Amino acid sequence: MDTNQPNSPASADLIIKHVWIVTMDEERRIFRDGAIAVKGDRITGVGPSPDILQNFRADTVIDGTDRFVITPGLVNGHVHVTGEPITRGLVPDNTDWQENVFGWLIPTYLSQTPEDEQLSAKLAALEMLRTGTTCFVEAGTILDLDATVQALNETGIRGRLGQWLQDRAFDPNDDQSELTKTAVAKMVAQQDRYPATEDTLLAAAPCLVGHNTATDELWREATHLAQDAHVGVTAHMSADPADPNYYLETAGARAIEHLANLDALGPHLSLTHAVHLDAHEVDLLAQTETSVTHCPMTAMKGGYGATATACSPRCQKRASTFCLARMAPITATRPT
């Protein structure tokens, strides 16, 4: 059992007994007649039903015989909480990546009000919780972070999220220095408002739009902030050949190699899609323990070429941080 043997039964608020429990702990233990004890917002005991029932007492006891399989909460490594529930089914199926993103999704995101974002975020949280996903990483298309956090706080879900961050001057008349200054200030301010602490359910983190929308300076600042604040950085990258081609033309290296040259790769970074990579880029991701979150459904719908060109099997073989979703172990601590 995962707790010390007390002389008298410890108090718990809830015990669920006679269930299958998949712990995902270091020993990958599975209890076919297991029980779990919860007090407040903490799991205080996990183990065989006889042991838990002997060592814990609770006012509420649920018999899960032939009803439940308890697992750790799933983690959604990439979700647009203010977009996906509203845009799903909106985009025609015959659009390519460029039209899908720039012709449909981004205009829809930019047209949303804070109230729209709150509704979408609640729907996204409901869908995730209903399917056992208790933690998420936002993809970086939130406009009103305060309104979104307020809505998500009502659901009890855990997540790391941030405002839409990009700073590249696409218009020659734009002031590049001012765009970067504004993006960095926004990133620092959100981290100050929503810092990541041990008991924080929702905390800020740099959420770069990615692709070719961020300057080197924004990448450096996001990396430094993430390392100082002990949070991660998330960004879209190389869903389409346009990303590696852009960096080849402007920096003389493919996207992943350029990020390596900026010291932006590492365990703090999660890149989404990463379909159009070469072997050297995969090796760089593996060597730096950079995470890749692959989105097969999006790749199929958007025609990213994942089935024809992606090196997903090589990624999985070379890097343990290539994932579709993640699970955290059940321990005697706050449930995830």
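The values are calculated or read from the model by the stated rules, or taken from the named source; none is laboratory data. Since the model is a prediction, treat every value here as computed from it, not as a measurement. As a convention, Cβ positions derive from the backbone with ideal geometry for all residues, glycine included, and neighbour counts pool all protein chains shown. The accessibility values were calculated without ligands, DNA or RNA, using every heavy atom of the protein model including side chains. Shrake-Rupley method; radii C 1.70, N 1.55, O 1.52, S 1.80 Å.
Hey, can you tell me all the residues within the stretch 81-90 that are surrounded by fewer than 20 Cβ atoms within 10 Å (Cβ to Cβ), outside any helix (DSSP H, G or I) and of a type in the set (A, V, I, L, M)? Explain how you work it out, then say what you get.
Taking the stretch 81-90 as the starting set, the residues that turn out to be surrounded by fewer than 20 Cβ atoms within 10 Å (Cβ to Cβ) are 84-90.
Retained after the next criterion (residues that are outside any helix (DSSP H, G or I)): 88-90.
Answer for the stretch 81-90, where residues must be surrounded by fewer than 20 Cβ atoms within 10 Å (Cβ to Cβ), outside any helix (DSSP H, G or I) and of a type in the set (A, V, I, L, M): just Leu90.
Please go through the stretch 273-295 and pick out each residue that is within 15 Å of Thr309 (Cβ to Cβ), assigned to a helix (DSSP H, G or I) and open to solvent by less than 10 Å² (accessible area, probe 1.4 Å).
Result: Glu281, Val282.
Considering every residue within the stretch 236-252, establish whether at least one is open to solvent by 30 Å² or more (accessible area, probe 1.4 Å) and in contact with a strand residue (DSSP E or B) (Cβ under 7 Å, 6 or more places away or on another chain). Quick ask: steps written out before the conclusion?
Going through the stretch 236-252, the residues open to solvent by 30 Å² or more (accessible area, probe 1.4 Å) turn out to be 240-242, 245-246, 248-252.
In the following step, the residues that additionally are in contact with a strand residue (DSSP E or B) (Cβ under 7 Å, 6 or more places away or on another chain) were identified as none.
Scanning the stretch 236-252, I find no residue that is open to solvent by 30 Å² or more (accessible area, probe 1.4 Å) and in contact with a strand residue (DSSP E or B) (Cβ under 7 Å, 6 or more places away or on another chain), so the answer is no.
Any residue in the stretch 95-106 that's under 14 Å from Tyr304 (Cβ atoms): show its pairings with residues that are open to solvent by 30 Å² or more (accessible area, probe 1.4 Å) at Cβ separation under 6 Å, as long as the two are six or more apart or on different chains.
Asp96/Gly303; Trp97/Asp240
Looking at the structure I just gave you, is Asp93 touching a strand residue (DSSP E or B) at 6+ places or on another chain (Cβ under 8 Å), loosely packed, with under 13 Cβ neighbours inside 10 Å and either of a type outside the set (Gly, Ala, Ser) or within 30 Å of Trp164 (Cα to Cα) (or both)? Quick ask: steps written out before the conclusion?
Values: touching a strand residue (DSSP E or B) at 6+ places or on another chain (Cβ under 8 Å): no; loosely packed, with under 13 Cβ neighbours inside 10 Å: yes; either of a type outside the set (Gly, Ala, Ser) or within 30 Å of Trp164 (Cα to Cα) (or both): yes.
Here the answer is no, as Asp93 does not meet what is asked.
How many residues does the stretch 55-80 hold that are touching a strand residue (DSSP E or B) at 6+ places or on another chain (Cβ under 6 Å), open to solvent by less than 30 Å² (accessible area, probe 1.4 Å) and either of a type in the set (Lys, Arg) or assigned to a loop (DSSP other than H, G, I, E, B) (or both)?
Of the residues in the stretch 55-80, 3 are touching a strand residue (DSSP E or B) at 6+ places or on another chain (Cβ under 6 Å), open to solvent by less than 30 Å² (accessible area, probe 1.4 Å) and either of a type in the set (Lys, Arg) or assigned to a loop (DSSP other than H, G, I, E, B) (or both).
Quick one: in the stretch 155-181, of everything that is without any contact (Cβ under 8 Å) to a residue 40 or more places away in the chain and assigned to a loop (DSSP other than H, G, I, E, B), which residue is least open to solvent (accessible area, probe 1.4 Å)?
The selected residue is Ala169.
Residue by residue through the stretch 246-272, note down the ones that are over 17 Å from Cys207 (Cβ atoms) and not in a loop (DSSP other than H, G, I, E, B).
Within the stretch 246-272, Tyr246, Tyr247, Leu248, Glu249, Thr250, Ala251, Ala255, Ile256, Glu257, His258, Ala260, Asn261 qualify.
In the stretch 205-235, which residues are open to solvent by 10 Å² or more (accessible area, probe 1.4 Å), of a type in the set (S, T, N, Q) and under 16 Å from Arg160 (Cβ atoms)?
Across the stretch 205-235, the qualifying residue is only Gln227.
Check off (1) under 24 Å from the mean Cα position of the chain (by Cα); (2) over 20 Å from Leu143 (Cβ atoms); (3) part of a helix (DSSP H, G or I); (4) not small (Gly, Ala, Ser) for Val184 and give me the number that stays unchecked.
Among (1) under 24 Å from the mean Cα position of the chain (by Cα); (2) over 20 Å from Leu143 (Cβ atoms); (3) part of a helix (DSSP H, G or I); (4) not small (Gly, Ala, Ser), Val184 violates only (2).
How many of the residues in the stretch 290-307 are out of contact with any strand residue (DSSP E or B) (no Cβ under 9 Å at 6 or more places or on another chain) and either under 17 Å from Val233 (Cα atoms) or among the basic types (Lys, Arg) (or both)?
Looking only at that region, the number is 1.
Assuming Leu129 fulfils every condition listed in (1) under 20 Å from His236 (Cα atoms); (2) outside any loop (DSSP other than H, G, I, E, B); (3) not small (Gly, Ala, Ser) apart from one, which condition is it?
Going through (1) under 20 Å from His236 (Cα atoms); (2) outside any loop (DSSP other than H, G, I, E, B); (3) not small (Gly, Ala, Ser) one by one, Leu129 breaks only (1).
State whether one or more residues within the stretch 143-154 are in a loop (DSSP other than H, G, I, E, B), touching a residue at least 24 places away in the same chain (Cβ under 8 Å) and of a type in the set (A, V, I, L, M).
Keep residues of the stretch 143-154 that are in a loop (DSSP other than H, G, I, E, B), which gives 143-144, 154.
This time we only want the ones that are touching a residue at least 24 places away in the same chain (Cβ under 8 Å), so: 143-144, 154.
From the residues that got through so far, the ones that are of a type in the set (A, V, I, L, M) too are 143.
Yes - at least one qualifying residue is present in the stretch 143-154.
With the requirement that a residue be among the hydrophobic types (A, V, I, L, M, F, W, C), touching a Lys or Arg at 6+ places or on another chain (Cβ under 8 Å) and open to solvent by 10 Å² or more (accessible area, probe 1.4 Å), what does the stretch 128-154 give you?
If the condition is that a residue be among the hydrophobic types (A, V, I, L, M, F, W, C), touching a Lys or Arg at 6+ places or on another chain (Cβ under 8 Å) and open to solvent by 10 Å² or more (accessible area, probe 1.4 Å), then Cys135, Val137 are the ones that fit.
So how many residues does the stretch 39-49 have that are open to solvent by 20 Å² or more (accessible area, probe 1.4 Å) and at pLDDT 95 or above?
To start, the set of residues in the stretch 39-49 that are open to solvent by 20 Å² or more (accessible area, probe 1.4 Å) comprises 39-42, 44, 48.
Filter again for at pLDDT 95 or above, leaving 39, 44, 48.
Looking only at that region, the number is 3.
Can you tell which of Ile15, Ile52, Ile36 is over 28 Å from Thr293 (Cβ atoms), touching a residue at least 60 places away in the same chain (Cβ under 8 Å) and open to solvent by less than 30 Å² (accessible area, probe 1.4 Å)? Let's see the steps before the verdict.
Numbers: Ile15 fails: touching a residue at least 60 places away in the same chain (Cβ under 8 Å); Ile52 fails: touching a residue at least 60 places away in the same chain (Cβ under 8 Å).
Within the list Ile15, Ile52, Ile36, the selection yields Ile36.
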